[in-house]
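Written out below as structure tokens is the structure these notes cover.
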Amino acid sequence: MSSPESFTLADASARERALNINLSCIVQAPAGSGKTELLTLRYLRLLGISKQPEEVLAITFTRKAASEMRDRILSTLAWAVEVEATGAVPEKEFEKQRLSIASAVIAHDNDSNWNLLKNPSRLRVQTIDSFCFYLANQMPVLSRVGGNPVLSEDVNHIYRHAINNTLSMLDKRGELSEDIALLLKHLDNNTNKVEKLLADLLNKRDQWVSHVLFIKHSGQDAQDYLLQSLEELVAETLETAEHSLAPIASQVTTLLRFAAHNRRSEGKVWETIEVLTTLPGGTASELPVWKILADLFLTKDGTWRSRIDKRQGFPAGDKSDKEFDSLCKQRKQEFNELMTGLKEQPELLEALDYIPRLPDPNSETEQWAFLSALTRILIHMSGELLLSFSQFGMMDYAQAGAAARNSLGSEEHPTDLAMSLDHSIQHILVDEFQDTSQLQLEILQQLTAGWQPGDNRSLFLVGDAMQSCYGFRNANVGIYLNVREHGIGEIQLESLTLQTNFRSQEKIVTWVNQVFSHAFPSQPDSSRGAVPYSASVPINPTEIEFGISALVIQHQGIDKIAAQQAEASAVISQIKSIQLHDAGASIAILVRSRSHLAKIIPLLKEEQIPWLATDIDRLGTLPVIEDLLSLTKALLNLADRVAWLSVLRAPWCGLTSKDLFAITQHAKNNSIWSGLQAFASSNNTDENGESCEGIAGLSPDGDARMTSIVKILQHAMSIRFRVRLRDLIESTWTLLRGVCTSTSNEAFVSVAHYFSLLEQYELGNGLLNVAEFQERVSQSFVSPPPEVGLSNPVNILTMHKSKGLEFDHIILPGLTRNPASDDKQLLQWYERLNADGENRLFLTTQTAVGNDENKLYSLMRHEQQQKNLLEDTRLLYIAVTRARTSVLLLGTLAEDSKGEFQPQKSCLLNRVWPQLNSGNFNLKKENLTEKEIPELHDDRTNEEKSRGNLYPEVTPINRFKSALELNTTEIESLNQALNLYSPPPVVQEKSQDQKNIAEPQEFEQDNSLAAAIGILIHSSLESFTISQNKGLWLENLNNQRSFWSLYLRQHIDDETQLQAVLGDIKRTIESNTANKDIAWIFDEKGLEAQSELALTNQHNRLFIVDRTLIDKDGTRWIIDFKTGHPSSSQSNDAFIQTMKARYKSQLSNYGNLFAQLESRKTKLALYLTSIQQLVEI
């Protein structure tokens, strides 16, 4: 093939039109078509005619794309400066064009004194998220942002906070309480499931919030609209089928009448069909007849029937009745002849397959009550989420987008910011427009709302609908299709298509064109996101004989693991072949799911092939992190027996199961730590000089391994909650020789990341929410740099992450594996265009637990599955088109019941299988060899086999070879620390009455215990305050002891002390709730009475006010509960003065916050629960 400079590009005219800055355009730019260069040149041309560089706004969807575009602009300008300085003349046409455009910008830059190369920040190239965040911060009140929040993806804890605040309304009287009760009942009171489903909805709220508001504000009109939309869908589907069947209507009705005659005893509908002379009508009332018609021609799997029998109304006949026997044979023959023609009509197959899925519109009204209740819950939860964002000083990207939209106002009522931007922004360029969400489209519409034809402003959209793969992030390729056809607002966009592929060699481009032109749908459908294929024209000749090939390993079902291992081996073979024949070339392994690498990465390590993973390994899956997490949980919670046993099983100790069992037996119902303390005591003598009893059953090896470990843990227990949590865990892990368990660069990077996360989540030398921290660890990725000294590593990343990248060689394993199944959403929504091009909304909810799934919900899940399949095609297209030189597609296929090897419907390979399997596209099929099927290891004796001894072999313990030993310096340091932090001995004799009461001074010795007791008393009093029936609440108080006990076990090891503390808590609560003098504090009927009120100041610092209310005189009381006790030598008056001095500043801060909110007389007070006194400050 000729070189790129020797001929005119196939899309030269489209590229020239794209650089006409007087036009507004939308450009379809397939993979490798050079869209970044096109964007750069367009941006530079606009700079050349702008008064200020800020007039040109370029929006991308990733930081990488924004950085790449900014770098490309600056490097082009710097190149032009150098060329002009040297006087060199470019030879290539595209370089001449680039120089011409860049030189004009440089001249304009000099005349305007911009100094862009020295001030690149004046280039307005931003991600859509950063731009939205910028808009939101310009008008924080109107956008409802407030303060200066941090933009983050890690907001799951904020979602949970908002959800818990919403669900807590169950205890309040009112409509919302009844709605929440209905929601819980609907989901079988499974609160974990409720919270998860609501969190999933919050993550997608920009998609449903407008629908929910429509339902709430429109009432019966909304119900009528949804019903009409469903009736319209049914009618249009039936009309499509009727139109397709019209040419063969008489044959179809003849077969239907025959079937009905043989099945007329099965119901009235068959009697109706028996007298049918034409195809049924297109109304919902005819739906039962249409479903029977569809069942006649299609199987339950939605495929054409190959045969019919008496089950469909076509019996074998009756030899005793020759006329009927002949008729049966004739009708079967007519059916077979008809099916021969129908099988050539895929559109009819799709239409008939859709009919059985259609719901009866009249039966869907049963969901309305729950949908209405859910609507009210979601609206309240959205409000709670705003408050939670404010309290935590954070927001997610969806909120930033919503805030940006609010900050711009509407087209009829634009804000000052919108008008300012309308004046300052003259040109907008948007990259990757196919990944736009509805919210982002609305922002773009608001920014261009005032634009008019001929006002010298332009909108330039670039994207590739064939590369839209972020549906799970709310991207909607249907927006791209609609805008391409209809424009945005008053802006008409000229539609342009690029064709030239500058990336891949000719063989690859040709293969992609031939295969994917059949894999993509033939017609666009914005409702489903159906995108037709846009062919590319190759420009690079094939220089190295690689191209695209596919290898499928065929196997029996039981050999699945062996087949996957063979697939991994094929990956290694391909890598070695590439390195041999194309040394230095870049190689990438792209997978749909990280789990597809389980067999590949060990082989890469075994073959010593360097590799670099991007967001592949989850932090929580690494053994060194699992051990660190166990250590953290153990030191924070004495009651977490699993964590403590995991610490003793970790490599630094490595106790056997027998030794672990001995420790648990010794501890009985107490903590594992109590067993370890017994071990420590066994190495000492008691006050009479006699040896203390040790742990029965502990082996000599366990004894040796425990000696140093327990001493280290004693030190850790003595300083926990007294030093920073990171310092506690890091120092303990170091003493335990945890560094010796980190044997790779990946492990060291992971440990550092873990300690960093620990520091982020630390609160008061502990963790506010251990489960939340553990979830964050499990969701975090580790991407260590390649090992030192190794060059050109094999890149490993997911297909989604590969978008925008390119490599010489691509390997795609695991293409026959199915994706994880989608979870059922609580709320399901779907928008489609009707036959007139008008948008229609469908909305329904998950069926109640124990009930059959409603048909509308099933239909909408089917629509989502169809969208997912279309997106799968696009994802595979993205993966294949990353390659310059070669692609290898890999998969494994098990033999099915028919003896065939076919990919399953939802796997990626199935998207191109019909073409690939046609015999013309380098598909190689290999059967798994006997050598590749491992023999089952079986070294049992004949006696064991006869007994049926099928237990697996014992897994060896991963542990240090010998017991950990501390050096002299470490032992001395630990002893000094133990003496320093150990509490002084109590020498004062106590009376029996005193011994029966939990001692206040003991609480002071352990701040964490005192805090835990305070939390329980505090939460109980709050619960008492908001309870509707306080008498019943007090009657059930004793039921709380189990919860209190569970909560306190992480702080108290001794059972006697635990029972004493539980008794003290109960007496404190009973005495305070029985005190009539202060009963008004707990009266929820008080004016503006609130408990645990969250407020933030101008610096985004969060304050929680325990109790506030307005008394009958109109005075606001701001009350802080304190559960501390006076010491044994302290009078009540002295205790009060101490508490007033200690907390005066805190209450003053509360008072200042309220002073900014209202003009009212306020009183600040402490309520001291131990002495039942309200103390005014």
The one condition in (1) more than 13 Å from Ile1017 (Cβ to Cβ); (2) out of contact with any helix residue (DSSP H, G or I) (no Cβ under 9 Å at 6 or more places or on another chain) that Ser1071 fails to fulfil: (1)
Total residues in region 196-236, condition modelled with pLDDT of 90 or more, acidic (Asp, Glu), crowded, with 16+ Cβ neighbours inside 10 Å and within 20 Å of Gln846 (Cα to Cα): 0
Residue match in region 485-504 (condition: of a type outside the set (D, E, K, R), in contact with a Gly (Cβ under 7 Å, 6 or more places away or on another chain) and assigned to a helix (DSSP H, G or I)): no
Residue, nearest to Ala351 (Cα to Cα), within region 262-305, restricted to residues that are surrounded by 12 or more Cβ atoms within 10 Å (Cβ to Cβ) and among the basic types (Lys, Arg): Lys291
Top-ranked residue of region 1150-1176 - restricted to ones that are exposed (fewer than 14 other Cβ atoms within 10 Å of the Cβ) and more than 22 Å from Ala1079 (Cβ to Cβ), ranked as modelled with the highest pLDDT: Lys1161
Residue in region 55-77 that is over 30 Å from Lys801 (Cβ atoms) and either without any contact (Cβ under 8 Å) to a residue 40 or more places away in the chain or assigned to a helix (DSSP H, G or I) (or both) present: yes
Residues being within 18 Å of Thr1025 (Cα to Cα) and in contact with a His (Cβ under 9 Å, 6 or more places away or on another chain) - total across region 167-180: 1
Per-region count, region 739-759, residues closer than 21 Å to Gln779 by Cβ and not small (Gly, Ala, Ser): 10
Qualifying position, being in contact with a Ser or Thr (Cβ under 9 Å, 6 or more places away or on another chain), of a type in the set (D, E, K, R) and not assigned by TED's automatic domain parsing to the domain that holds Asp872, among Asp416, Asp455, Asp435: Asp435
Long-range neighbours under 8 Å by Cβ, at least six apart or interchain, first residue under 17 Å from Ser962 (Cα atoms) within region 655-668, second assigned to a helix (DSSP H, G or I) and among the small types (Gly, Ala, Ser): Leu655/Gly702; Thr656/Gly702; Asp659/Gly702
Test result for Ser1129, modelled with pLDDT under 85 and surrounded by 13 or more Cβ atoms within 10 Å (Cβ to Cβ): no
Any pair with Cβ under 8 angstrom, 6 or more apart, that starts in region 751-762 at a residue that is within 15 Å of Thr741 (Cβ to Cβ) and ends at one that is outside any helix (DSSP H, G or I): Val751/Ser742
Asn148 vs. criteria loosely packed, with under 14 Cβ neighbours inside 10 Å and either more than 27 Å from Leu408 (Cβ to Cβ) or among the aliphatic types (A, V, I, L, M) (or both): no
Helices (runs of 4 or more DSSP H) fully within region 383-466 counting 3 or more residues that are farther than 26 Å from Leu23 by Cβ and within 22 Å of the chain's Cα centre (by Cα): 397-408
Criterion violated by Leu1032 - all others in (1) part of a strand (DSSP E or B); (2) modelled with pLDDT of 80 or more satisfied: (1)
Hey, Leu790 assigned to a helix (DSSP H, G or I), at pLDDT below 90 and of a type outside the set (Lys, Arg) or not: no
Among the candidates Val710, Val723, residue that is part of a helix (DSSP H, G or I), among the aliphatic types (A, V, I, L, M) and either modelled with pLDDT under 85 or closer than 22 Å to Glu1055 by Cα (or both): Val710
Subset of region 9-35 (residues that are of a type in the set (S, T, N, Q) and surrounded by 17 or more Cβ atoms within 10 Å (Cβ to Cβ)): Ser24, Gln28, Ser33
Which numbered condition Phe773 fails, given (1) outside the structural domain of Leu551 (by TED's automatic domain parsing); (2) surrounded by fewer than 20 Cβ atoms within 10 Å (Cβ to Cβ); (3) not basic (Lys, Arg): (2)
Single match in Glu490, Glu506 (criterion: of a type in the set (D, E, K, R) and either surrounded by fewer than 17 Cβ atoms within 10 Å (Cβ to Cβ) or assigned by TED's automatic domain parsing to the domain that holds Thr892 (or both)): Glu490
Single residue of region 909-937 satisfying the filter (in a helix (DSSP H, G or I) and modelled with pLDDT of 75 or more) that is farthest from Thr816 (Cα to Cα): Gln915
Pair list, Cβ < 6 Å and 6+ apart or interchain, from region 318-342 residues that are in contact (Cβ under 8 Å) with a residue 60 or more places away in the chain to residues that are surrounded by 15 or more Cβ atoms within 10 Å (Cβ to Cβ) and in a helix (DSSP H, G or I): Arg331/Phe258; Phe335/Leu255; Leu338/Gln251
Residue tally, condition under 19 Å from Ala475 (Cβ atoms) and under 18 Å from the mean Cα position of the chain (by Cα), over region 791-822: 6
Any hit, region 89-97, residues being farther than 30 Å from Ser390 by Cα, out of contact with any Cys (no Cβ under 8 Å at 6 or more places or on another chain), of a type in the set (A, V, I, L, M, F, W, C) and assigned to a helix (DSSP H, G or I): yes
Per-region count, region 350-370, residues among the hydrophobic types (A, V, I, L, M, F, W, C) and surrounded by fewer than 18 Cβ atoms within 10 Å (Cβ to Cβ): 2
Checklist (1) closer than 30 Å to Met394 by Cβ; (2) at pLDDT 80 or above; (3) within 42 Å of the chain's Cα centre (by Cα); (4) of a type outside the set (Phe, Trp, Tyr) applied to Thr1096, failing item: (2)
Residues satisfying the stated conditions in region 1035-1054, i.e. in a loop (DSSP other than H, G, I, E, B) and not basic (Lys, Arg): Asn1036, Gln1050, His1051, Ile1052, Asp1053, Asp1054
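The values are calculated or read from the model by the stated rules, or taken from the named source; none is laboratory data. Remember, it's a predicted structure, so these values are computed and weren't measured experimentally. Counting neighbours? That spans all protein chains shown, and the Cβs are built from the backbone with ideal geometry, glycine included.
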